[in-house]
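What follows is a single structure, written as structure tokens, with notes after it.
The values are calculated or read from the model by the stated rules, or taken from the named source; none is laboratory data. Nothing here was measured: the structure is a model prediction, and the numbers come from that model. For neighbour counting, all protein chains shown are included, and Cβ atoms are generated from backbone atoms with ideal geometry for every residue, glycine included. Just so you know, the surface numbers come from the protein's heavy atoms only, side chains and all, with ligands and any DNA or RNA stripped out. Shrake-Rupley method; radii C 1.70, N 1.55, O 1.52, S 1.80 Å.
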Amino acid sequence: MSFSTSGQSEARAPNALRDFDDFERGLLPVMRHFILSFSEPTTQAWQHAYSVAIEKWGHDQGLNLAHLVFKVIKAALHCRTDGLAFKDPLSLEDRREVTCDERALLKMLHHMRRDETPAARDAVGQVTGGYPDAHLIQAGLTLASRFPISGDHQRQSTRRPSLRVVQ
């Protein structure tokens, strides 16, 4: 079942998830919960978004990531008066399905994480309907810089120092 923040459904993008890495596919349920939270505030789906991120990436990294995804979704919704089409985040049948709007958001982050500027610019245009919104670009680039494609750099940059008792 597709939803939209404006109540309209949108066509799905078949086999759309195969173009993304595991990290980017993991962002999808977090994005969906945030979009649902904006669409239907009484659901308080934002709590599920944070829970999903914590379960997948741990407490410190998950909270940081969920907050950055929230900023991306908020900026995208600010650009789109007609809202974003999305799948039900709790539906087992829809887990592998992606709307065109969800795909555009993932594509934007995909290219930003790889520093592919022309492709990222095109993807931003798909999300916004052609308008290069500075807030959306800033939110996407912030997420991309903190979670680049290099797994080693990602672990080092988000790892906090640990305290040990020395005798």
Of all residues making up region 96-133, the number that are outside any helix (DSSP H, G or I), touching a residue at least 40 places away in the same chain (Cβ under 8 Å) and farther than 14 Å from I35 by Cβ: 5
Flag if R114 is open to solvent by 20 Å² or more (accessible area, probe 1.4 Å), basic (K, R) and either modelled with pLDDT under 90 or touching a Gly at 6+ places or on another chain (Cβ under 7 Å) (or both): no
Subset of region 134-145 [in contact (Cβ under 8 Å) with a residue 60 or more places away in the chain and polar (S, T, N, Q)]: Q138, T142
Residue satisfying condition, being surrounded by fewer than 22 Cβ atoms within 10 Å (Cβ to Cβ) and under 15 Å from the mean Cα position of the chain (by Cα), within set R80, R95, R121: R95
Members of region 47-70 found to be outside any loop (DSSP other than H, G, I, E, B) and surrounded by fewer than 18 Cβ atoms within 10 Å (Cβ to Cβ), listed by number: Q47, S51, I54, E55, K56, H59, D60, L63, N64, H67
Meets criteria (closer than 23 Å to R32 by Cβ and at pLDDT 85 or above) for A144: yes
